[in-house]
Amino acid sequence: MFTFRHYCVDLHHAPQQPKQDATDIRFADVIIHGNAAFTQVPHIALLGVPQHIGVERNGGRGGAGAAPEAIRAWLNRLTISNGTDSISSDIRIADYGNINTNGKTLEEIHEAQQEAVTQLLREGAFVLVLGGGHDIAYPNGAALGSLGKTVGIINFDAHLDVRPFNEHGRHSGSPFRQLIEDPAVHIPGGCFAEFGIQSFSAAAAHMQYVLENGHHITMMHHIHANGFTESLSNTWNAISQAENVYCSFDIDGVSSAYAPGASAPSADGFTPRNMFDAALFIGAQKQTKLVDIVEVNPFYDLDARTSKLAATIAAHCIWARAQALCM
């Protein structure tokens, strides 16, 4: 029984339509929701953080608070098969609902999130967090750091998100500076990687900050030149020197042609195939303990294009981890 339950709001999903084909199994059929999720330790745990306070503090457009439910809605519709292999029925996938954000400050939400994620990690679950703004990266990284092992981080993003605090305090542009400077989070030199940073989207001073702290930046134009697979492999080789790895998928890093519903959409960026390949690779690595998907903004989406993309990233990641657990 999980003691962090009082931090969460249980989800009340609408009943599913009767199956027309019992062999056509969807994520809605296998994910354990609500009270039943708290009965035993899962292999894979989902948690939502429905707020965009940090985005608005950073001058961005609100709406990402609606993302966890939008992503879940589309994830539930997807099959648990990649066409040839399905997720084993032995893999327990539990959704713990959303962190209770009602009437809370950003700092209070982060505290509750960090405690919940820490407990799931300590129980041995692979944790997938659905944001929300990118400020949730700080409590996620801090939770992983609290396990007492070295931490590697890869941020798939158009932006560095190492800005100093502003007059409101922490925000969606500050989480990785917070993690780099947090003495309780041991990130060895070179084990934090910014991947997919776009020209004209990152201040030179912030680039210098990352590099002077001994970490890596892979620009999007270098990925285009060298190929996605090779670039990701090189980055993984650097950060995997750490004992535990955390991966953050910021939808802002995907081209707005594929992801119009983002907090800060980008003209250039990753393709959906890039994100699916990354999710398969990252999810399969046993060093990976924690993944989040952030900055989806359903208020600005077109035909739920971005929420569907995020759900499919989540499905690839869950499927890859499930296959790795069965090996």
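Tell me which residues, restricted to segment 162-179, are closer than 12 Å to A137 by Cβ and in contact with a Lys or Arg (Cβ under 8 Å, 6 or more places away or on another chain). Across segment 162-179, the qualifying residues are V162, R170, H171, S172, G173, S174, R177, Q178.
Only a single criterion out of (1) surrounded by fewer than 24 Cβ atoms within 10 Å (Cβ to Cβ); (2) closer than 17 Å to C247 by Cβ is not satisfied by A267, namely (2). Do we have A36 as at pLDDT 95 or above, not in a loop (DSSP other than H, G, I, E, B) and not polar (S, T, N, Q) here? Taking the combined requirement at face value, the residue does not satisfy it. Taking A67 as the residue in question, decide whether it is buried (at least 18 other Cβ atoms within 10 Å of the Cβ) and at pLDDT below 95. Considered against the rule, which asks whether it is buried (at least 18 other Cβ atoms within 10 Å of the Cβ) and at pLDDT below 95, A67 comes out as no.
Residue by residue, here is whether (1) part of a loop (DSSP other than H, G, I, E, B); (2) touching a residue at least 60 places away in the same chain (Cβ under 8 Å); (3) of a type in the set (D, E, K, R) holds:
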| position | (1), (2), (3) |
| --- | --- |
| Q241 | yes, yes, no |
| F249 | no, yes, no |
| A264 | yes, yes, no |
| N274 | no, no, no |
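Per the conditions (1) over 26 Å from V296 (Cα atoms); (2) free of Cβ contacts under 8 Å to residues at least 12 places away in the same chain; (3) not basic (K, R), the sole criterion not satisfied by F165 is (1).
For segment 144-173, how many residues meet the condition of being more than 19 Å from L290 (Cα to Cα) and assigned to a loop (DSSP other than H, G, I, E, B)?
Result for segment 144-173: 12.
Screening H134 with (1) under 30 Å from I91 (Cβ atoms); (2) in contact with a Pro (Cβ under 7 Å, 6 or more places away or on another chain); (3) surrounded by fewer than 24 Cβ atoms within 10 Å (Cβ to Cβ) gives one miss only, at (3).
Look at D292 and say whether it is outside any helix (DSSP H, G or I) and touching a residue at least 24 places away in the same chain (Cβ under 8 Å). For D292, the condition - outside any helix (DSSP H, G or I) and touching a residue at least 24 places away in the same chain (Cβ under 8 Å) - is met.
Being more than 20 Å from D161 (Cα to Cα) and either touching a His at 6+ places or on another chain (Cβ under 9 Å) or assigned to a helix (DSSP H, G or I) (or both) is the filter here, so list the residues in segment 213-235 that pass it. Give the steps one after another, and end with the answer.
From segment 213-235, those more than 20 Å from D161 (Cα to Cα) are 224-231, 233-234; that's our starting set.
Scanning segment 213-235 gives H224, A225, N226, F228, T229, E230, S231, S233, N234.
Scan A315, A322, A259 and give me the residue that is among the small types (G, A, S), in contact (Cβ under 8 Å) with a residue 12 or more places away in the chain, under 24 Å from N82 (Cβ atoms) and not in a helix (DSSP H, G or I). Exactly one residue qualifies, and that residue is A259. Check segment 204-214 and report whether any residue there is closer than 19 Å to I282 by Cα, charged (D, E, K, R) and modelled with pLDDT of 95 or more. No; the residues of segment 204-214 include none that is closer than 19 Å to I282 by Cα, charged (D, E, K, R) and modelled with pLDDT of 95 or more. The single condition among (1) under 25 Å from G145 (Cβ atoms); (2) among the acidic types (D, E); (3) buried (at least 18 other Cβ atoms within 10 Å of the Cβ) that E243 does not meet is (3). Pairs linking a residue in segment 49-71 that is without any contact (Cβ under 8 Å) to a residue 60 or more places away in the chain to a residue that is assigned to a helix (DSSP H, G or I) and not aromatic (F, W, Y), with Cβ atoms under 9 Å and 6 or more positions apart or on different chains, are E69/P298.
On the stretch given as segment 74-127, residues that are in contact (Cβ under 8 Å) with a residue 40 or more places away in the chain, in a loop (DSSP other than H, G, I, E, B) and over 22 Å from V55 (Cβ atoms) total 13. Based on what the data block shows, is L47 more than 24 Å from R177 (Cβ to Cβ) and within 15 Å of the chain's Cα centre (by Cα)? No. Summed over segment 266-324, residues that are polar (S, T, N, Q) and either under 22 Å from N237 (Cα atoms) or out of contact with any Phe, Trp or Tyr (no Cβ under 9 Å at 6 or more places or on another chain) (or both) total 7.
When A203, A193, A137 are screened for being touching a residue at least 60 places away in the same chain (Cβ under 8 Å) and not β-branched (V, I, T), only A137 passes. Consider segment 305-327. How many of its residues are farther than 21 Å from I25 by Cα, buried (at least 17 other Cβ atoms within 10 Å of the Cβ) and among the aliphatic types (A, V, I, L, M)? Of the residues in segment 305-327, 0 are farther than 21 Å from I25 by Cα, buried (at least 17 other Cβ atoms within 10 Å of the Cβ) and among the aliphatic types (A, V, I, L, M).
The values are calculated or read from the model by the stated rules, or taken from the named source; none is laboratory data. Values in this document were obtained by computation on a predicted structure and should not be read as measured data. All Cβ positions, glycine included, derive from the backbone under ideal geometry; neighbour counts span all protein chains shown.
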